[in-house]
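J.: Mind looking over this structure? Questions follow.
The values are calculated or read from the model by the stated rules, or taken from the named source; none is laboratory data. Small disclaimer: the values here were computed from a predicted structure and weren't measured. For neighbour counting, all protein chains shown are included, and Cβ atoms are generated from backbone atoms with ideal geometry for every residue, glycine included. Ligands, DNA and RNA are stripped out before the accessible areas are found, and what is left, the full protein with its side chains, is counted by its heavy atoms. Shrake-Rupley method; radii C 1.70, N 1.55, O 1.52, S 1.80 Å.
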Amino acid sequence: MSLIEVKNLKKSFGNAEVLKDISVTIDKQEVVCVIGASGSGKSTFLRCLNRLEEITSGQVVIDGQDITAKDANINQIRQEVGMVFQQFNLFPHKTVLENIMLAPMKAKGITADQARQKAEALLAKVGLKDKAGSYPNELSGGQQQRVAIARALAMNPKIMLFDEPTSALDPEMVGDVLDVMKQLAQEGMTMVVVTHEMGFAREVSDRVLFIDDGVIMEENKPSELFADPKHERTKAFLSKIL
Amino acid sequence: MKAIMDALPYLWAGLQVTAYVFVIAIIIGFIIGLIIALMRLSPWKVLNWIAKIFVDAIRGTPILVQLFFFYYGLNSLGIISLDRTSAGILTVAINAGAYFAEIIRAGIQSMDKGQTEAARSLGLTNVQTMRYIILPQAFRRMLPTFTNQAIISLKDTSLLSVIGIADLTQKGQVVIAATFKAFEIWLAVGVLYFIIIYLLSLLSSYLERRYELR
């Protein structure tokens with residue numbers, strides 16, 4: 001069953017058309033990596049999936065709900081769609097534990113005790129149990145990003161969106177974050193990952209979308225897309241980064 | 001020195017009025033400032049305009065004129081009747097509110113967009129995002145500028161003596177009228193203002209340390 005359905009999605013910023021007619025469906029438990037050059041529109045595509053960007057035309061349906069419909073309860077829908085950002089965007093005035101507890105308490109209304117239990121369990125999962133009382137600026141980039149993943153997971157989302165989650169990290173931090181993502185994928189989380197980590201895309205994803213100039217130029221299983229790209233643009237892109 | 005000691009009970013009473021007027025005015029001013037700032041940032045154009053006109057009108061006119069307007073002007077219409085203290089508090093509050101509004105607006109706008117996006121992506125509403133994420137951080141950053149404006153407002157309260165509010169400045173005038181010790185009394189009045197303003201800045205640095213910037 002498809003969890004995400006994107007139909008004829010178009011997005012313009014002023015006169016610049018960033019996404020030109022994108023249609024794709026993503027199934028439950030599928031891990032999809034989105035690759036492409038910077039400026040190709042891949043991050044914009046991701047941000048349209050939880051309406052951080054208002055789409056210009058088309059339709060985005062998440063778990064059967066049209067998120068761009070006038071009567072769509074976007075806050076409700078966003079609870080189902082976790083997002084992890086390139087710059088982590090942790091709340092600097094709150095401790096690690098408070099970062100994770102906030103949304104479950106305020107958006108879902110669960111008790112502080114339940115939220116704390118959940119947050120502690122998630123911190124253990126991402127390997128940062130001992131950082132609960134730290135503030136974000138006391139953590140390394142890799143640790144911050146793992147907290148950000150835990151924060152998103154605390155809402156029990158059905159889908160996780162990752163917007164270049166390792167691009168702002170020092171190289172030695174990347175592995176820890178990717179390991180957490182791999183584990184998530186193995187547990188059956190539906191994931192859409194915008195990334196430059198071709199190793200991750202090859203190893204973990206079920207499907208790779210190559211976005212170029214606002215369209216999905218090519219999509220395929222990673223083994224085939226990397227080994228035998230069909231499109232000239234895909235070949236050119238891959239030859240540059242591999 | 002004796003002149004000052006003799007005057008102290010009067011000046012002390014005046015100081016209490018000054019402190020009272022200031023505290024009430026600054027609290028109301030802060031609420032006005034917050035509302036006006038949120039209006040200026042709201043997506044509704046009408047609210048933007050009202051807020052902008054308010055801020056421009058207050059910033060573009062002298063506070064003494066505002067005071068006369070609220071006390072003599074409004075009262076002359078005979079529709080409402082403001083006593084001097086209310087008119088005085090209202091003037092200082094509205095004046096502070098206009099400046100606070102600009103401080104708060106700038107503080108909110110200086111926040112990284114990623115903070116809002118992270119909060120909204122978790123399913124928090126716009127209001128929750130403001131309340132739990134944006135405002136706490138923005139207020140911490142604004143503290144030094146807030147203190148500045150609070151000090152200016154405190155000094156502005158001395159103008160209220162003009163409409164007969166029995167504040168520190170007015171008490172000073174009264175004492176001098178009786179004793180002719182202008183030098184000693186104005187010196188004492190100045191020192192008393194200085195002391196409360198100094199205490200205010202101590203409070204501000206305490207708060208800045210208490211809520212360390214992260």
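J.: Report, by residue number, each residue of segment A:43-65 that is farther than 21 Å from A:LYS158 by Cβ and surrounded by fewer than 19 Cβ atoms within 10 Å (Cβ to Cβ).
T.: A:GLU54, A:THR56, A:SER57, A:GLY58
J.: Any idea which residue in segment B:1-12 is nearest to B:GLN149 (Cα to Cα), counting only those that are of a type in the set (A, V, I, L, M, F, W, C) and open to solvent by 40 Å² or more (accessible area, probe 1.4 Å)? First the steps, then the outcome.
T.: So the first thing to find is which residues in segment B:1-12 are of a type in the set (A, V, I, L, M, F, W, C), and the list is B:1, B:3-5, B:7-8, B:11-12.
Those left that are additionally open to solvent by 40 Å² or more (accessible area, probe 1.4 Å): B:1, B:5, B:8, B:12.
Numbers: B:MET1: 33, B:MET5: 32, B:LEU8: 28, B:TRP12: 24 Å.
Checked segment B:1-12; the qualifying residue nearest to B:GLN149 (Cα to Cα) is B:TRP12.
J.: For segment A:201-236, enumerate the residues that are aromatic (Phe, Trp, Tyr) and at pLDDT 95 or above. Talk me through it step by step, then tell me what you get.
T.: We begin by selecting, within segment A:201-236, every residue aromatic (Phe, Trp, Tyr); these are A:210, A:226.
Result: A:PHE210, single match.
J.: Which of the residues spanning segment A:142-166 are open to solvent by 20 Å² or more (accessible area, probe 1.4 Å) and away from chain B (no Cβ under 14 Å)?
T.: Matches in segment A:142-166: A:GLN143, A:ARG146.
J.: Residues of segment A:25-42 being open to solvent by 10 Å² or more (accessible area, probe 1.4 Å), at negative phi and in contact (Cβ under 8 Å) with a residue 40 or more places away in the chain, which ones?
T.: Matches in segment A:25-42: A:ASP27, A:LYS28, A:GLU30, A:ALA37.
J.: Next up: B:LEU124 fails exactly one of the following numbered conditions: (1) part of a loop (DSSP other than H, G, I, E, B); (2) under 15 Å from the mean Cα position of the chain (by Cα). What is the number of that condition?
T.: Status for B:LEU124: all satisfied but (2).
J.: To continue, here is another question. Those residues that are open to solvent by 50 Å² or more (accessible area, probe 1.4 Å) and within 14 Å of another protein chain (Cβ to nearest Cβ), I need them from segment A:113-135; list them, please.
T.: A:LYS118, A:GLY133, A:TYR135, listed by residue number.
J.: Looking at (1) of a type in the set (A, V, I, L, M); (2) within 14 Å of chain A (Cβ to nearest Cβ); (3) open to solvent by less than 20 Å² (accessible area, probe 1.4 Å), which is the one condition that is false for B:ILE163?
T.: Going through the list (1) of a type in the set (A, V, I, L, M); (2) within 14 Å of chain A (Cβ to nearest Cβ); (3) open to solvent by less than 20 Å² (accessible area, probe 1.4 Å), B:ILE163 breaks only (2).
J.: Return yes or no: is A:VAL204 of a type in the set (A, V, I, L, M), under 17 Å from A:LEU161 (Cα atoms) and open to solvent by 10 Å² or more (accessible area, probe 1.4 Å)? Steps first, answer last, please.
T.: On the way: of a type in the set (A, V, I, L, M): yes; under 17 Å from A:LEU161 (Cα atoms): yes; open to solvent by 10 Å² or more (accessible area, probe 1.4 Å): yes.
Criteria met by A:VAL204.
J.: Out of curiosity, is B:LEU47 at pLDDT 95 or above, closer than 24 Å to B:ILE197 by Cα and open to solvent by less than 60 Å² (accessible area, probe 1.4 Å)?
T.: Working: at pLDDT 95 or above: yes; closer than 24 Å to B:ILE197 by Cα: no; open to solvent by less than 60 Å² (accessible area, probe 1.4 Å): yes.
For B:LEU47, the condition - at pLDDT 95 or above, closer than 24 Å to B:ILE197 by Cα and open to solvent by less than 60 Å² (accessible area, probe 1.4 Å) - is not met.
J.: Restricting attention to segment B:143-158, does a residue exist that is within 14 Å of another protein chain (Cβ to nearest Cβ), β-branched (Val, Ile, Thr), open to solvent by less than 50 Å² (accessible area, probe 1.4 Å) and in a helix (DSSP H, G or I)?
T.: No, every residue in segment B:143-158 fails to be within 14 Å of another protein chain (Cβ to nearest Cβ), β-branched (Val, Ile, Thr), open to solvent by less than 50 Å² (accessible area, probe 1.4 Å) and in a helix (DSSP H, G or I).
J.: For segment B:90-111, does any single residue satisfy the condition of being within 14 Å of chain A (Cβ to nearest Cβ) and either part of a helix (DSSP H, G or I) or in contact with a Ser or Thr (Cβ under 7 Å, 6 or more places away or on another chain) (or both)?
T.: Scanning segment B:90-111, I find at least one residue that is within 14 Å of chain A (Cβ to nearest Cβ) and either part of a helix (DSSP H, G or I) or in contact with a Ser or Thr (Cβ under 7 Å, 6 or more places away or on another chain) (or both), so the answer is yes.
J.: Would you check if A:GLU138 is farther than 26 Å from A:GLN79 by Cα and within 14 Å of chain B (Cβ to nearest Cβ)?
T.: For A:GLU138, the condition - farther than 26 Å from A:GLN79 by Cα and within 14 Å of chain B (Cβ to nearest Cβ) - is met.
J.: Say whether the condition of being on the phi < 0 side of the Ramachandran plot, assigned to a helix (DSSP H, G or I), open to solvent by 40 Å² or more (accessible area, probe 1.4 Å) and in contact with a Leu (Cβ under 7 Å, 6 or more places away or on another chain) is met by at least one residue in segment B:175-194.
T.: So far as segment B:175-194 goes, no, none of its residues is on the phi < 0 side of the Ramachandran plot, assigned to a helix (DSSP H, G or I), open to solvent by 40 Å² or more (accessible area, probe 1.4 Å) and in contact with a Leu (Cβ under 7 Å, 6 or more places away or on another chain).
J.: Restricting to segment A:89-106, give me the number of residues that are more than 8 Å from chain B (Cβ to nearest Cβ) and either out of contact with any Phe, Trp or Tyr (no Cβ under 7 Å at 6 or more places or on another chain) or assigned to a helix (DSSP H, G or I) (or both).
T.: The qualifying residues number 9.
J.: Sticking with this structure for a sec: Of the residues that make up segment A:39-54, is at least one over 15 Å from the mean Cα position of the chain (by Cα) and more than 28 Å from B:TYR132 (Cα to Cα)?
T.: yes
J.: Also: Scan segment A:214-224 and give yes if some residue there is of a type in the set (Gly, Ala, Ser), buried (at least 20 other Cβ atoms within 10 Å of the Cβ) and either assigned to a strand (DSSP E or B) or within 15 Å of the chain's Cα centre (by Cα) (or both), otherwise no.
T.: Looking through segment A:214-224, none of the residues is of a type in the set (Gly, Ala, Ser), buried (at least 20 other Cβ atoms within 10 Å of the Cβ) and either assigned to a strand (DSSP E or B) or within 15 Å of the chain's Cα centre (by Cα) (or both).
J.: Has segment B:60-69 got any residue that is closer than 30 Å to B:LEU135 by Cα, of a type in the set (Gly, Ala, Ser) and either in contact (Cβ under 8 Å) with a residue 40 or more places away in the chain or not in a helix (DSSP H, G or I) (or both)?
T.: Yes; the residues of segment B:60-69 include at least one that is closer than 30 Å to B:LEU135 by Cα, of a type in the set (Gly, Ala, Ser) and either in contact (Cβ under 8 Å) with a residue 40 or more places away in the chain or not in a helix (DSSP H, G or I) (or both).
J.: Collect the residues in segment A:19-54 that are within 21 Å of A:ASN75 (Cα to Cα) and either assigned to a strand (DSSP E or B) or among the aromatic types (Phe, Trp, Tyr) (or both), keeping them in residue-number order.
T.: Within segment A:19-54, just A:PHE45 meets the criteria.
J.: Can you tell me which of A:GLU164, A:GLU218, A:GLU197 is touching a residue at least 12 places away in the same chain (Cβ under 8 Å) and at positive phi?
T.: The match here is A:GLU164.
J.: In addition: Can you name the condition, by its number, that A:SER57 falls short on among (1) away from every other protein chain (no Cβ under 13 Å); (2) over 20 Å from the mean Cα position of the chain (by Cα); (3) under 17 Å from B:THR125 (Cα atoms)?
T.: Condition (3) is where A:SER57 drops out.
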